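Taking it in order: structure first as C-alpha cells, then the write-up.
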Amino acid sequence: MSEALSAELNAAATGFIDALPASVILPAGAGKTHLLAAVVKRIIDGGGKVLVITHTNAGVQAVATRLKRFGVGAGAQVTTITSLAFRLARAYPVLGELRAPRVMIPDDSQAYVQAATRVLAGEHIQAVLRASYTHVLVDEYQDCNTDHHAMILKIKCAVAKVGILGDPLQAIFGFSEHLPEWEAVVREFPEYRGIESAPRRWAGHNEALGAWVFKIRPLLTAGKVLQLDNPHYPPGVRFTDISGN
C-alpha cells in the first residue's frame with residue numbers, strides 16, 4: 001500500500017509547484033528527496049508528466065524508491081543528466097555536432113552535455129520536449145557545472161515549469177569543474193522559502209547532533225569562523241587537535 005502525503009508535505013509540494021520556475025535550498029537531512037517525490041506525485045495526480053534529472057545512478061535509484069513509496073508509476077521519467085545528454089547527442093548528430101558512439105563513454109560526458117545543449121536549442125526539439133513533459137525537476141543542483149547549467153537553461157526554454165533542489169554547501173564536484181555562481185542560479189530559479197528546514201534525518205535519534213549540524217551551517221560560509229575547540233559539542237561529536245597549533 002502506498003504512503004499518503006502528510007498535510008505538511010502536501011502543502012510544501014503544492015507551494016513549490018505553484019512557484020515554478022523556482023529553487024529549494026535545503027541542508028543534508030532536511031528531506032529534499034522526500035519533497036521531490038511528493039512534488040512528482042502532486043504533478044502526476046494533477047494530470048502532468050514529469051522529467052526528473054539527477055547526477056548519479058544511485059540518485060536515480062533513491063528517487064525511484066521514494067516515488068514507489070508514494071505509489072507513483074507512469075508519468076514520471078527519472079534519469080541522470082549524462083544519460084539524457086547522451087541520448088540527445090546520439091539521436092541528433094547533426095544538430096549536436098557530435099557523432100556519439102553506440103555505448104556511452106563516461107570520460108566523454110561533458111562532450112555529450114555540450115552536444116545536447118546544441119540539440120536543445122532547436123525549436124522543433126523544444127516543441128517535442130514541451131509536448132512530452134509538463135514539468136522538469138533537477139535534484140542535487142549544487143553539483144551542476146556550467147555546462148550542465150547551460151543545458152538545463154535550454155530545457156527551461158522549452159518547459160517553463162522547472163524546479164531545482166540543492167544545497168551549495170554540499171557541492172562536491174567544484175574542484176576540477178567550474179560551477180555556476182549560485183547567485184546566477186537563483187536569478188533563473190528564484191528561491192522558494194515556503195518550506196521549513198528541519199533536521200528530519202535525526203528525528204527520534206541523535207536529535208542533538210542534527211540540531212547542531214543545522215546550527216553551524218551559517219558558520220560554514222565564506223568569511224565566517226567555526227570555533228573548533230567549542231566545549232559545547234553534542235553527544236557523539238568530539239574535537240581532537242592533532243596539529244599542535
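The values are calculated or read from the model by the stated rules, or taken from the named source; none is laboratory data. The structure displayed is predicted, hence computed values, not measured ones. Because the Cβ atoms are built from the backbone with ideal geometry, glycine has one as well, and the counts that use them run over all protein chains shown. For the accessible areas, the whole protein counts, side chains as well, though only heavy atoms, and no ligand, DNA or RNA atoms are used. Shrake-Rupley method; radii C 1.70, N 1.55, O 1.52, S 1.80 Å.
Summary table
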| item | result |
| --- | --- |
| Amide proton proximity set for E191, modelled H, under 5 Å, gap of 5+ | S23 |
| Kirkwood-Stokes translational diffusion coefficient of the chain, alpha-carbon pairs, 20 °C, 1.002 mPa s, µm²/s | 110 µm²/s |
| Karplus (6.51, -1.76, 1.60) ³J(HN,Hα), θ = phi - 60°, over the range 131-136, in Hz, Gly and Pro reported as x | 6, 8, 9, 9, 9, 10 |
| Surface share of carbon and sulfur [accessible, 1.4 angstrom probe, percent] for the range 1-112 | 54 percent |
| Lysine pairs with alpha-carbon atoms under 30 Å apart, the chain, spacing 8 or more or separate chains | 21 |
| Dipole of the range 69-218, positive direction: furthest Cα of I164, Y112, G75, with charges on the beta-carbon | G75 |
| Within the accessible area of the range 163-219 (1.4 Å probe), percent carbon and sulfur | 56 percent |
| Derived scalar couplings ³J(HN,Hα) [the range 137-154; Karplus, 6.51 cos²θ - 1.76 cosθ + 1.60; whole Hz; x for Gly, Pro] | 10, 10, 9, 6, 5, 4, 9, 6, 7, 5, 5, 4, 4, 4, 5, 5, 5, 5 |
| Magnitude of the charge dipole, the range 62-211, Cβ model with Lys/Arg +1 and Asp/Glu -1, debye to 20 | 760 debye |
| Nonlocal amide H pairs with T80, under 5 Å, H built at 1.01 Å | T54 |
| Accessible surface ranking that places the most exposed of K156, K215 first, with a 1.4 angstrom probe | K215, K156 |
| Euclidean distance of C-alpha centroids, the range 184-242 and the range 96-170, integer Å | 31 Å |
| Electrostatic dipole magnitude of the range 28-133 [Cβ: Lys, Arg +1; Asp, Glu -1; Cα centre; debye, to 20] | 380 debye |
| For L137, distant residues with modelled amide H under 5 Å away | L51, V52, I53, G163 |
| Solvent exposure of the range 1-146 as accessible area per residue, Å², 1.4 Å probe | 46 Å² |
| Shape of the range 1-55, Cα gyration tensor, a/c cut at 1.5 | rounded |
| Mean Cα-pair separation over length for the chain, i.e. relative contact order, pairs under 8 Å, 6 or more apart, % | 24 percent |
| Estimated vicinal HN-Hα couplings, Hz - the range 223-230 in sequence order (Karplus 6.51, -1.76, 1.60; Gly, Pro = x) | x, 9, 10, 9, 6, 6, 8, 6 |
